[in-house]
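**Q** I'd like to ask you about the structure that follows.
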Amino acid sequence: MKNIRNFCVIAHIDHGKSTLSDRLLEYTKTISARDMKEQTLDDMDLERERGITIKSHAIQMKYVHADGQVYTFNMIDTPGHVDFSYEVSRSIAACEGALLLVDASQGIQAQTISNLYLAIEHDLEIIPIVNKIDMESAMVDEVSDQIIDLIGCKREEIILASGRTGKGVPDLLDAIVNRIPAPKGDPEAPLQALIFDSIFNSFRGVIASIRIMNGTLRQGDRVRFMNTGKEYSADEVGILQLSNVPKTELLTGDVGYVITGIKISKEIKVGDTITKVENPSPEAIKGFEDVKPMVFAGIFPLDNDDFEDLRDSLEKLQLNDASLVFEPESSAALGFGFRCGFLGMLHLEIVQERLAREFNQDVITTIPNVSYIAYTKRGEQLTVRNPADLPDPTVLDYVEEPYIQAQVITKPEYIGSIMTLCMEKRGLLAKQHYLTENRVELLFEIPLAEIVFDFYDRLKSISRGYASFDYSPIGYRQSELVRLDIKLNAENVDALSALVHRDKAEPFGRKICKKLKDLLPRQQFVIAIQAAIGAKIIARETISAMRKDVTAKCYGGDISRKRKLLEKQKEGKKRMRQFGKIEVPQKAFLDVLKLD
Amino acid sequence: MPGIYLHIPFCKQACHYCNFHFSTSLKQKDALLEAMLRELEWRREELKGEEVQTIYLGGGTPSLLDESELRRLFDTIYKWYPVAPDAEVTLEANPDDLTAAKLQVLRHTPVNRLSIGVQSFAEADLRLMNRAHNAVEARTCIEQALAAGFSNLTVDLIYGSPTTSDAQWETNVRTLTELGIPHLSCYCLTVEPKTALDFFVQKGKTPPVDEEQASRQFEMLMDIMEAEGYEHYEISNFARPGFYSRHNASYWQGVTYLGIGPSAHSFDGRQRKWNVANNAKYIKSLLSIAPPTEISILEGDLFEKETLTAAQRYNEYVMISLRTSWGCRLDVIRALGPRFEQLFLKGIRDFILQDAVQQEGEVFRLTRPGKLIADRIAMELFEV
């Protein structure tokens, strides 16, 4: 155990995390330069394209230190978006150290900070690294000052590195050995293993990534998952190298995996504790949360015949994305589909994109909303996850919506614009205090619904990326919410209904109508787009009728060109939904949400 | 009944709306002509010895060809192809090329029909389109062509331009009817992607085509032409009786045609072929091999081809025939397959109810309102 070092990497997008990780793999001969694919760890295409880590990844390396001893490094790569902050906290809980990686030309970016604080909260040893020092624009001293300011380390503790050239990598390897403490834990105690990630394998079922906190896990042990209460057999245990390497046992301090034959990923919850059926641990590892979806949206197949295919795809997707939940629903406008729950908007986008890429499913997504509680005059309490389910005003007493505490850490110069944004989002400032001279923490209480749409992006842009953001639910509060309906030629399009605050209904309605005006193709008749609260129309746009086609010339070469063009148009019509006589392209449903 | 189309891909200057294939550099003119002569020779088998009824020189600007170039072209055609004595031989000409001298030259070629790209008699319109001629040339060239003995004339006009008032449009049309021009092709100004006009519209320098204005001017056109005794025999074409474009009509009636020159299309009833739309590549591929070589080895370099599926033939037939006064015939559709008949009858009902299509026994024709939305009607009837 004394030769094990478990650590995670905390870095902003593009600060060179993947490249530096690759160098470590190379130096420790875990992988040869020849086999190296750029950025070995991010293995989902989507992750590479977006430059973000969605799933946690762990990899083991063996390192021969100058003292002649062999050390085992377990490096855990963590997701970098607030939607996945719970997963990050579990990865951090599995480590004793964290590499804080900062780009020498960009300096500390705010997104890094909330993860850094999580790591400090868990008493992790932080190894600060200034990366990309070989770049012309590198500002090594300035960035080092920032780091010292933030974590109070000594200048000489900062490692100067370049993932590209490999400079500083040997120093880093030494620091990992010398500065990160070996895992503590009692090998003789009852087994406690922390699940920090899980992936689905179509042959093996769900594979859980675990850290043994206490005790030993052997192949064949009967184990119990303490939070779900379910029991299984540890069919296979092993360590995580580039592929899984089976072992007969995992000891205290080890990071590895366990396969229990579980086929449904919902049964494995990140943060759960595995213990043995015989001689179980009396308590589970702290910090477990049942991750609940925060954002809901309807997902409908483009073609109603594809409903079963969509269900199939969602089920498969759920196998390695346990945080995705869904149940069937039906819409007057869109037919049969599913109401799905997501961790946040990024998660929603990822699911949508994975459905398209991995399952070839073309879907229509309705306007996302959060989960509300409606109270009727007869005292009933209803959970509303779909605007259509909001009780009629005649029976509705009041509605409560979920609030969150939002933590924003930023530079003092951005306080003003961040306050303006939060107030616009119906937020209340609860606390403001300076962490350092140059860094201020703002705590707001904001309705969750307000951060669902464009909060994060706007926060990033007004603070030039220099604002970290994290949030936690603080319960439900009564709110003046109304259902805004969108009508096309007086017919309700239920898929475009949204629950919004009364004060915001009008601007929101106007924006949607305007956007739809741009998105709907003109037809041979006038189209009225209206936004309504109940019977009251609050916004309206009109699309004039199409008078004339471009009936261009049609001679020799024009014929096939024109045919192909019209064939394409007809093909596009298949992708439209009919509301009365009005045809609405699928794109309209997707783009109507991009309001800014 | 076949026809031959020859594409002359050169222009003196680029019209802002044009997306046809052309080059404003005349350097390669000789080599190109040489290549076209070869293509004519090598592809003669494709018309199977049938008598050629129509020849059409389009472009680009065929009026840029000089006397000897025209002579070589026609000599080669007449050498390798049997041409009917009464064949229609059309040459597209720009007003600025049609000098009295040029007209005399043309009189001594087989050309017996001129298609003149006037577009407008208003200076503002011509400037917006970046035409090479001015308003005066527009009119004098017609008078000179008539004087030179070309009675079978057709003139192109463009409506819907932001510079064209209704009054100017009426003047444009009436000028031609009064001059007794027997055939008019009238197109709505279309902003084709990647043209200069497209660029100007995107930049806000030129207003986009106003649909109301375009519809209004199209309707004005139909009113005038009807009153003047012209037949609206194709959506963009009007002719005095006996003056239909025989060549263009063959496109719309599925007749075989051979397209020579870069970007030219050919059709043999089932298969469409099109030549590469690049002068250098066209020349290179044709001059790279020596006869007698099978032209088929140049597939991919010189030309591409596509054999139409039944559905594509149905789509094309519906699309083209609905635009013509001959109309769309159910017996033709039936012959392509019973499913097409069903599809067509199902789709056409709505348009009959909307008074966009009129049925006469087994023939379906667009009504006046239908002519405004011909593309949409065809698209709705398509099988994809």
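The values are calculated or read from the model by the stated rules, or taken from the named source; none is laboratory data. What you see is a predicted model, and the numbers here were worked out from it, not measured in a lab. Note that each Cβ is placed from the backbone with ideal geometry, even for glycine, and that neighbours are counted across all protein chains shown.
**Q** Give segment A:575-596 a look and list any residue that's touching a residue at least 24 places away in the same chain (Cβ under 8 Å) and either within 14 Å of chain B (Cβ to nearest Cβ) or touching a His at 6+ places or on another chain (Cβ under 6 Å) (or both), or say none.
**A** Passing the criteria: A:Arg575, A:Lys581, A:Glu583.
**Q** Please state which one of B:Asn112, B:Asn134, B:Asn94, B:Asn152 is over 25 Å from B:Phe243 (Cβ atoms) and of a type in the set (S, T, N, Q). Let's see the steps before the verdict.
**A** Details: B:Asn112 fails: over 25 Å from B:Phe243 (Cβ atoms); B:Asn94 fails: over 25 Å from B:Phe243 (Cβ atoms); B:Asn152 fails: over 25 Å from B:Phe243 (Cβ atoms).
On inspection, the qualifying residue turns out to be B:Asn134.
**Q** Looking only at residues in segment A:272-318 that are touching a Ser or Thr at 6+ places or on another chain (Cβ under 8 Å) and not in a loop (DSSP other than H, G, I, E, B), which one is farthest from A:Ala189 (Cα to Cα)?
**A** For segment A:272-318, the residue satisfying everything is A:Phe300.
**Q** Another question, then. Say we look at segment A:473-493 and pick out the residues that are surrounded by fewer than 18 Cβ atoms within 10 Å (Cβ to Cβ) and either free of Cβ contacts under 8 Å to residues at least 24 places away in the same chain or of a type in the set (D, E, K, R) (or both); which of these is farthest from A:Gly335 (Cα to Cα)?
**A** In the first step, residues of segment A:473-493 are kept if they are surrounded by fewer than 18 Cβ atoms within 10 Å (Cβ to Cβ); the result is A:473-478, A:480, A:489-492.
Filter once more, so that each one left must be either free of Cβ contacts under 8 Å to residues at least 24 places away in the same chain or of a type in the set (D, E, K, R) (or both): A:477, A:480, A:491.
Values: A:Arg477: 33, A:Glu480: 30, A:Glu491: 15 Å.
Among them, the one singled out is A:Arg477.
**Q** Related question: For segment B:186-245, give me the residue count where each residue is of a type in the set (A, V, I, L, M), within 14 Å of chain A (Cβ to nearest Cβ) and in contact with a helix residue (DSSP H, G or I) (Cβ under 9 Å, 6 or more places away or on another chain).
**A** Of all residues in segment B:186-245, those of a type in the set (A, V, I, L, M) come to B:189, B:191, B:196-197, B:201, B:209, B:214, B:220-222, B:224-225, B:227, B:235, B:239.
Cutting the leftovers down to within 14 Å of chain A (Cβ to nearest Cβ) gives us B:189, B:191, B:197, B:201, B:209, B:214, B:220-222, B:235.
Of the ones still in play, those that are also in contact with a helix residue (DSSP H, G or I) (Cβ under 9 Å, 6 or more places away or on another chain) are B:189, B:191, B:197, B:209, B:220-222, B:235.
Here the count works out to 8.
**Q** Also, quick follow-up: Is it true that some residue in segment A:545-557 is touching a helix residue (DSSP H, G or I) at 6+ places or on another chain (Cβ under 9 Å), surrounded by fewer than 17 Cβ atoms within 10 Å (Cβ to Cβ) and more than 8 Å from chain B (Cβ to nearest Cβ)?
**A** no
**Q** Need the failing condition index for A:Ala356 against (1) over 26 Å from A:Ser468 (Cα atoms); (2) among the small types (Gly, Ala, Ser); (3) in contact with a helix residue (DSSP H, G or I) (Cβ under 9 Å, 6 or more places away or on another chain), just the number.
**A** (3)
**Q** OK, next. Looking only at segment B:99-123, how many residues end up being out of contact with any helix residue (DSSP H, G or I) (no Cβ under 8 Å at 6 or more places or on another chain) and of a type in the set (Gly, Ala, Ser)?
**A** 2
**Q** Can you tell me how many residues in segment A:258-296 are touching a helix residue (DSSP H, G or I) at 6+ places or on another chain (Cβ under 8 Å) and modelled with pLDDT of 90 or more?
**A** Within segment A:258-296, residues that are touching a helix residue (DSSP H, G or I) at 6+ places or on another chain (Cβ under 8 Å) and modelled with pLDDT of 90 or more number 2.
**Q** Among the candidates B:Asp268, B:Asp301, which residue alone is modelled with pLDDT under 95, touching a helix residue (DSSP H, G or I) at 6+ places or on another chain (Cβ under 6 Å) and acidic (Asp, Glu)?
**A** B:Asp301
**Q** Tally time: how many residues in segment A:294-353 are farther than 19 Å from A:Pro585 by Cα and hydrophobic (A, V, I, L, M, F, W, C)?
**A** Count: 20.
**Q** Do you know which residues across segment B:56-104 are surrounded by fewer than 23 Cβ atoms within 10 Å (Cβ to Cβ) and touching a Gly at 6+ places or on another chain (Cβ under 7 Å)?
**A** B:Pro82, B:Glu92 - these are the residues of segment B:56-104 that are surrounded by fewer than 23 Cβ atoms within 10 Å (Cβ to Cβ) and touching a Gly at 6+ places or on another chain (Cβ under 7 Å).
**Q** Identify all residues within segment A:495-513 that are in a helix (DSSP H, G or I) and either loosely packed, with under 15 Cβ neighbours inside 10 Å or under 29 Å from the mean Cα position of the chain (by Cα) (or both); write none if there are none. Outline the logic, then answer.
**A** Our first condition is that a residue be in a helix (DSSP H, G or I); within segment A:495-513, this holds for A:495-496, A:502-513.
Passing the criteria: A:Ala495, A:Leu496, A:Arg502, A:Asp503, A:Lys504, A:Ala505, A:Pro507, A:Phe508, A:Gly509, A:Lys511, A:Ile512.
**Q** Confirm whether B:Val155 is in contact with a strand residue (DSSP E or B) (Cβ under 6 Å, 6 or more places away or on another chain) and modelled with pLDDT of 95 or more. Steps first, please.
**A** Working: in contact with a strand residue (DSSP E or B) (Cβ under 6 Å, 6 or more places away or on another chain): yes; modelled with pLDDT of 95 or more: yes.
So B:Val155 fits the description; yes.
**Q** Checking the conditions here, which among A:Leu150, A:Leu173 is more than 27 Å from A:Tyr27 (Cα to Cα) and buried (at least 19 other Cβ atoms within 10 Å of the Cβ)?
**A** Numbers: A:Leu173 fails: more than 27 Å from A:Tyr27 (Cα to Cα).
Only one candidate passes the filter, namely A:Leu150.
**Q** Please determine, by comparing only the residues of segment B:136-183 that are touching a helix residue (DSSP H, G or I) at 6+ places or on another chain (Cβ under 6 Å) and within 14 Å of chain A (Cβ to nearest Cβ), which one is nearest to B:Pro207 (Cα to Cα).
**A** Among those residues, the one meeting the criterion is B:Ser161.
**Q** Which one is nearest to the chain's Cα centre (by Cα) among residues in segment A:422-473 that are farther than 20 Å from A:Val295 by Cβ and among the β-branched types (Val, Ile, Thr)?
**A** Among those residues, the one meeting the criterion is A:Ile462.
**Q** Considering only residues that are in a strand (DSSP E or B), of a type in the set (A, V, I, L, M, F, W, C) and modelled with pLDDT of 80 or more, which ones fall in segment A:549-596? I'd like the intermediate steps shown before the answer.
**A** We begin by selecting, within segment A:549-596, every residue in a strand (DSSP E or B); these are A:576-579, A:582-585.
Among the residues that remain, those that are also of a type in the set (A, V, I, L, M, F, W, C) are: A:576, A:579, A:582, A:584.
Answer for segment A:549-596, where residues must be in a strand (DSSP E or B), of a type in the set (A, V, I, L, M, F, W, C) and modelled with pLDDT of 80 or more: A:Ile582, A:Val584.
**Q** Kindly indicate the residue of segment A:558-574 that is more than 7 Å from every other protein chain (Cβ to nearest Cβ) and within 19 Å of B:Asn248 (Cβ to Cβ) and also surrounded by the fewest Cβ atoms within 10 Å (Cβ to Cβ) among those meeting that condition.
**A** Filtering segment A:558-574 for residues more than 7 Å from every other protein chain (Cβ to nearest Cβ) gives A:558, A:561, A:564-565, A:568, A:572-574.
Okay, now just the ones that are also within 19 Å of B:Asn248 (Cβ to Cβ), so A:558, A:561.
Numbers: A:Asp558: 16, A:Arg561: 14.
Ranking the qualifying residues of segment A:558-574, first place goes to A:Arg561.
**Q** Within the set of pairs 6 or more residues apart or between chains, which connect a residue that is without any contact (Cβ under 8 Å) to a residue 24 or more places away in the chain inside segment A:209-229 to a residue that is part of a loop (DSSP other than H, G, I, E, B) with Cβ atoms less than 7 Å apart?
**A** Partner pairs satisfying both residue conditions: A:Gly220/A:Ala234.
**Q** Of all residues being closer than 19 Å to B:Val191 by Cβ and within 14 Å of another protein chain (Cβ to nearest Cβ) in segment A:514-543, which is surrounded by the fewest Cβ atoms within 10 Å (Cβ to Cβ)? Just the residue, please. Before you say what the answer is, go through the steps one by one.
**A** Of the residues in segment A:514-543, the ones closer than 19 Å to B:Val191 by Cβ are A:518, A:521-522.
From the residues that got through so far, the ones that are within 14 Å of another protein chain (Cβ to nearest Cβ) too are A:521-522.
Working: A:Pro521: 16, A:Arg522: 13.
Across segment A:514-543, the extreme among qualifying residues is A:Arg522.
**Q** Does A:Ser323 satisfy the criteria of being more than 21 Å from A:Glu400 (Cβ to Cβ), outside any strand (DSSP E or B) and without any contact (Cβ under 8 Å) to a residue 40 or more places away in the chain? Reasoning before the result, please.
**A** Details: more than 21 Å from A:Glu400 (Cβ to Cβ): yes; outside any strand (DSSP E or B): yes; without any contact (Cβ under 8 Å) to a residue 40 or more places away in the chain: yes.
Yes.
**Q** Quick one: which residue in B:Glu39, B:Glu34, B:Glu69 is under 30 Å from B:Ala135 (Cβ atoms) and in a helix (DSSP H, G or I)?
**A** B:Glu69
**Q** (1) in a helix (DSSP H, G or I); (2) closer than 23 Å to B:Thr256 by Cα; (3) not β-branched (Val, Ile, Thr): which one isn't true of B:Glu137, the others all being true?
**A** Going through the list (1) in a helix (DSSP H, G or I); (2) closer than 23 Å to B:Thr256 by Cα; (3) not β-branched (Val, Ile, Thr), B:Glu137 breaks only (2).
**Q** Same structure again: Only one of A:Phe338, A:Phe326 is buried (at least 22 other Cβ atoms within 10 Å of the Cβ) and either under 28 Å from A:Gln578 (Cα atoms) or modelled with pLDDT under 85 (or both). Can you tell me which? Break it down stepwise before answering.
**A** Working: A:Phe338 fails: buried (at least 22 other Cβ atoms within 10 Å of the Cβ).
When all the criteria are applied, what remains is A:Phe326.
**Q** Kindly indicate the residue of segment B:253-275 that is hydrophobic (A, V, I, L, M, F, W, C) and more than 8 Å from chain A (Cβ to nearest Cβ) and also surrounded by the most Cβ atoms within 10 Å (Cβ to Cβ) among those meeting that condition. Before the answer, list the steps.
**A** Residues of segment B:253-275 hydrophobic (A, V, I, L, M, F, W, C): B:255, B:258, B:260, B:264, B:267, B:274.
Subsequent filtering for residues that are more than 8 Å from chain A (Cβ to nearest Cβ) retains B:255, B:258, B:260.
Values: B:Val255: 18, B:Leu258: 25, B:Ile260: 23.
It comes out as B:Leu258.
**Q** Restricting to segment A:377-419, what's the tally of residues that are outside any strand (DSSP E or B) and β-branched (Val, Ile, Thr)? Full working, then the answer.
**A** Residues of segment A:377-419 outside any strand (DSSP E or B): A:377-380, A:385-395, A:411-419.
Checking the rest, the ones that are also β-branched (Val, Ile, Thr) come to A:394-395, A:415, A:418.
Result for segment A:377-419: 4.
**Q** Next up: Could you list all residues from segment A:77-110 that are in a helix (DSSP H, G or I), surrounded by fewer than 23 Cβ atoms within 10 Å (Cβ to Cβ), at pLDDT below 90 and in contact with a His (Cβ under 9 Å, 6 or more places away or on another chain)?
**A** Of everything in segment A:77-110, those that are in a helix (DSSP H, G or I), surrounded by fewer than 23 Cβ atoms within 10 Å (Cβ to Cβ), at pLDDT below 90 and in contact with a His (Cβ under 9 Å, 6 or more places away or on another chain) turn out to be A:Asp83, A:Ser89, A:Ala110.
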